[in-house]
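J.: This structure is in structure tokens; I'll ask about it shortly.
The values are calculated or read from the model by the stated rules, or taken from the named source; none is laboratory data. Predicted, not measured: the structure shown is a model, and the values here were computed from it. All Cβ positions, glycine included, derive from the backbone under ideal geometry; neighbour counts span all protein chains shown.
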Amino acid sequence: MASVITTKAMMSHHHVLSSTRITTLYSDTSIDNQQIKAKPQTSHRFFSRRFSGVTRAVINSPAPSPAPEKEKVEGERRCHVAWTSVQQEKWEGELTVQGNIPTWLNGTYLRNGPGLWNIGDHDFRHLFDGYSTLVKLQFDDGRLFSGHHLLESDAYKAAKKHKKLCYREFSETPKPARTTFKNPFSGIGEIVRLFSGESLTDNANTGVVRLGDGRVMCLTETQKGSILVDHETLETIGKFEYDDVLSDHMIQSAHPIVTETEMWTLIPDLVKPGYRVVRMEAGSNKREVVGRVRCRAGSWGPGWVHSFAVTENYVVIPEMPLRYSVKNLLRAEPTPLYKFEWCPQDGAFLHVMSKLTGEIVASVEVPAYVTFHFINAYEEDENGDGKATVIIADCCEHNADTRILDMLRLHTLRSSHGHDVLPDARIGRFRIPLDGSKYGKLETAVEADKHGRAMDMCSINPLYLGLKYRYVYACGAKRPCNFPNALSKVDMVEKKVKNWHEHGIIPSEPFFVPRPGATREDDGVVISIVSEENGGSYAILLDGSSFEEIARAKFPYGLPYGLHGCWIPKH
Ligand SMILES: CC1=C(/C=C/C(C)=C/C=C/C(C)=C/C=C/C=C(C)/C=C/C=O)C(C)(C)CCC1
Ligand SMILES: [Fe+2]
């Protein structure tokens, strides 16, 4: 029977993780300093490990010691650090680099993602529930300064203060306050709090973007979860206050498309199922509605829209058969599909809107699909007369299988490491004709076995956004695995894949930074942060062309998995 070592029991437990690498000590303050090569810039204060229950001393130290958390142990196996909460609110220091960082790489890579999955005695259920944790890699003339910081969202601050969940997260709902009598109106109050957005989280744990005016914004799928941060100190600046009336709609795509001049995003409408396509000029806080798309399916809710794609002239709006469900939004206990429902019988669609006029120029039915991340899209002119005839839109597609959502439950991730339970995924390529045809196509762009049948967390050379492009960087797999455990470079023209992997690792999104002045699409570097089986973590730099390692730098502690990043060039 699986046994759980309690926090107390683990406090004094010395746990040898690997004979060759880190020896971790389950004591509150100790750390194996022989393994720590980091040079702390400043000393920082630990926060209490589980910021409830036992209040532990706040101490000064260069880096956190491993966690004596019950959440780290599943069935007597230590959990992978990728799924283990960060152990202090912030840390900063210089990392020792092995290899050579290119001298042109000057700037900051910022990564966002959930990094703290417990409050008090309560362990969160799903990967997407965790409190936003920012990690920076600041490249400065061959040196690397790093750090992490929890985002001071209202949700996180309230959890810290009250030692309990106070807002609705992805899968978690706060418990209603206990009263001596049953209030017959409390259910209605809860509906009002949900639909006014009051009870929804602002835990911006998903994306981070650098707006054209230099402001850096963390995002999640609730509009109130748009939060500005200082990319150097990682301090939270405050809410991004939209200067328009669109905030009534509560939900947004977690992945706006941002360029030096503008930002595009989608705002789903839960009441009249559809999407608003909005644009915000760099330097402004005001979004303008360019157009609106009505959902084609007769279902109650719009399709879930985590991301979308743009071409030079068009916005590609997905209408997935995985739809928001008002019924599931209201439930306290999650279903296997959380706030969503699977409605393939109602069809799957893609809509194309003109960026200039807001007009819908194509709306096609396509085979059922499940995607969270669009990779890129572009226009093709098959007749060679300068007029686009078809739109190609590529995405990480989960073979229309919704199981991926429940696979990302923390219990599953923690207990199935090494088991080959990750459902297959591929690069899905949509072809959307612009001649008024009713149907579009969905094909596998590159044989999925070449990237281990895992495919997600993608990036491209940003200079190719909306244009015909060749290379995709993403997380693939070396089977057996329960989560993507490799980095893959996919050549969409030659249909070839290069994979990079080390035993036991969980790497985060490979992020491509082009070399200034480069003329080849893959001339640049790929940055990722890797969580190791032995409890450690390191930053890795791969050459964008050869996909071989050029530098790595070990963190003095283990960092959990993170989602998406952005690049802020040094000014
Ligand atoms: C808080 C509420 C919601 C929040 C939604 C969130 C936080 C959605 C986040 C989605 C993410 C991070 C998707 C990432 C997918 C990554 C995958 C599939 C990786 C696969 C690896 O192989 C709503 C649900 C909007 C409802 C209101 C409350
Ligand atoms: Fe995402």
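J.: For K498, state whether it is on the phi < 0 side of the Ramachandran plot, more than 16 Å from ligand 1 (Cβ to nearest atom) and in a strand (DSSP E or B). So that I can check it myself, show each step before the final result.
T.: Values: on the phi < 0 side of the Ramachandran plot: yes; more than 16 Å from ligand 1 (Cβ to nearest atom): yes; in a strand (DSSP E or B): yes.
Yes.
Let's see how each residue does on (1) touching a Phe, Trp or Tyr at 6+ places or on another chain (Cβ under 9 Å); (2) surrounded by fewer than 20 Cβ atoms within 10 Å (Cβ to Cβ); (3) of a type outside the set (A, V, I, L, M):
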| site | (1), (2), (3) |
| --- | --- |
| L234 | no, no, no |
| V245 | no, yes, no |
| D248 | no, yes, yes |
| Q252 | no, no, yes |
| H255 | yes, no, yes |
| T261 | no, yes, yes |
| L270 | yes, yes, no |
| Y275 | yes, no, yes |
| V278 | yes, no, no |
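J.: Please state which one of G466, G562 is crowded, with 24+ Cβ neighbours inside 10 Å, part of a loop (DSSP other than H, G, I, E, B) and in contact with a strand residue (DSSP E or B) (Cβ under 6 Å, 6 or more places away or on another chain). Walk me through it before giving the result.
T.: Values: G466 fails: crowded, with 24+ Cβ neighbours inside 10 Å.
Every option except G562 fails the conditions.
J.: Among the residues of the stretch 344-381, write down those that are of a type in the set (G, A, S) and within 16 Å of D401 (Cβ to Cβ).
T.: Just the residues of the stretch 344-381 that are of a type in the set (G, A, S), to begin with: 347-348, 354, 358, 362-363, 368, 377.
Those that are of a type in the set (G, A, S) and within 16 Å of D401 (Cβ to Cβ): A348, A368.
J.: Please go through the stretch 403-430 and give me each residue that is within 16 Å of ligand 2 (Cβ to nearest atom) and assigned to a loop (DSSP other than H, G, I, E, B), ordered by number.
T.: Passing the criteria: L408, A425.
J.: Just one of K160, K164, K136 is away from ligand 1 (no atom under 16 Å from the Cβ), part of a loop (DSSP other than H, G, I, E, B) and touching a residue at least 12 places away in the same chain (Cβ under 8 Å); which is it?
T.: Just a single option satisfies the conditions, and that option is K164.
J.: Name the residue, out of G283, G238, G214, that is within 22 Å of the chain's Cα centre (by Cα), assigned to a loop (DSSP other than H, G, I, E, B), on the phi > 0 side of the Ramachandran plot and among the small types (G, A, S).
T.: G214
J.: Scan the stretch 139-157 residue by residue and report those that are part of a strand (DSSP E or B) and not hydroxyl-bearing (S, T, Y).
T.: First pass over the stretch 139-157, keeping only residues part of a strand (DSSP E or B): 139-140, 143-150.
Of everything in the stretch 139-157, those that are part of a strand (DSSP E or B) and not hydroxyl-bearing (S, T, Y) turn out to be F139, D140, R143, L144, F145, G147, H148, H149, L150.
J.: Here's another thing I want to ask about it. Do the conditions hold for Y338, that is, is it within 16 Å of ligand 1 (Cβ to nearest atom) and more than 22 Å from H398 (Cα to Cα)?
T.: It is false that Y338 is within 16 Å of ligand 1 (Cβ to nearest atom) and more than 22 Å from H398 (Cα to Cα).
J.: In addition: Evaluate the following for L422: is it of a type in the set (A, V, I, L, M) and closer than 16 Å to R453 by Cβ?
T.: yes
J.: Then there's this: Of N328, N376, which residue is polar (S, T, N, Q) and either assigned to a strand (DSSP E or B) or away from ligand 1 (no atom under 16 Å from the Cβ) (or both)?
T.: Of N328, N376, the one residue that is polar (S, T, N, Q) and either assigned to a strand (DSSP E or B) or away from ligand 1 (no atom under 16 Å from the Cβ) (or both) is N376.
J.: Which residues, counting only those in the stretch 131-169, are within 26 Å of R331 (Cα to Cα), of a type in the set (F, W, Y) and touching a Gly at 6+ places or on another chain (Cβ under 9 Å)?
T.: Filtering the stretch 131-169 down to residues within 26 Å of R331 (Cα to Cα) leaves 131-132, 153-169.
Checking which are of a type in the set (F, W, Y) leaves us with 131, 156, 167.
Once the filter is applied, which keeps residues that are within 26 Å of R331 (Cα to Cα), of a type in the set (F, W, Y) and touching a Gly at 6+ places or on another chain (Cβ under 9 Å), the stretch 131-169 yields only Y131.
J.: While we're looking at this one, here's another question. Which of the following residues is of a type in the set (S, T, Y) and either at pLDDT 95 or above or crowded, with 19+ Cβ neighbours inside 10 Å (or both): S186, S153?
T.: Of S186, S153, the one residue that is of a type in the set (S, T, Y) and either at pLDDT 95 or above or crowded, with 19+ Cβ neighbours inside 10 Å (or both) is S153.
J.: Kindly provide the set of residues from the stretch 431-461 that are within 16 Å of ligand 2 (Cβ to nearest atom) and not in a strand (DSSP E or B), ordered by number.
T.: Correct list: A454, M455, I460.
J.: Being within 16 Å of ligand 2 (Cβ to nearest atom), in a loop (DSSP other than H, G, I, E, B) and either over 23 Å from V390 (Cα atoms) or touching a residue at least 40 places away in the same chain (Cβ under 8 Å) (or both) is the requirement here; does S253 meet it?
T.: In short, yes.
J.: Now a separate question. Considering only residues that are in a loop (DSSP other than H, G, I, E, B) and crowded, with 19+ Cβ neighbours inside 10 Å, which ones fall in the stretch 335-354?
T.: Those that are in a loop (DSSP other than H, G, I, E, B) and crowded, with 19+ Cβ neighbours inside 10 Å: Y338, K339, C343.
J.: Check the stretch 295-309 and report whether any residue there is touching a residue at least 40 places away in the same chain (Cβ under 8 Å), over 30 Å from Y167 (Cβ atoms) and not aliphatic (A, V, I, L, M).
T.: Looking through the stretch 295-309, at least one residue is touching a residue at least 40 places away in the same chain (Cβ under 8 Å), over 30 Å from Y167 (Cβ atoms) and not aliphatic (A, V, I, L, M).
J.: Follow-up. For the stretch 252-289, which positions are among the hydrophobic types (A, V, I, L, M, F, W, C), within 16 Å of ligand 1 (Cβ to nearest atom) and at pLDDT 95 or above?
T.: Within the stretch 252-289, A254, L266, I267 qualify.
J.: I've got another one for you. Residues in the stretch 542-562: is at least one within 15 Å of L105 (Cα to Cα), of a type in the set (S, T, N, Q) and touching a residue at least 12 places away in the same chain (Cβ under 8 Å)?
T.: Checked the stretch 542-562: no residue is within 15 Å of L105 (Cα to Cα), of a type in the set (S, T, N, Q) and touching a residue at least 12 places away in the same chain (Cβ under 8 Å).
J.: Can you pull out the residues in the stretch 230-250 that are of a type in the set (A, V, I, L, M, F, W, C), touching a residue at least 12 places away in the same chain (Cβ under 8 Å) and more than 19 Å from K157 (Cα to Cα)? Before you say what the answer is, go through the steps one by one.
T.: In the first step, residues of the stretch 230-250 are kept if they are of a type in the set (A, V, I, L, M, F, W, C); the result is 234, 237, 240, 245-246, 250.
Retained after the next criterion (residues that are touching a residue at least 12 places away in the same chain (Cβ under 8 Å)): 234, 240, 246, 250.
Those that are of a type in the set (A, V, I, L, M, F, W, C), touching a residue at least 12 places away in the same chain (Cβ under 8 Å) and more than 19 Å from K157 (Cα to Cα): L246, M250.
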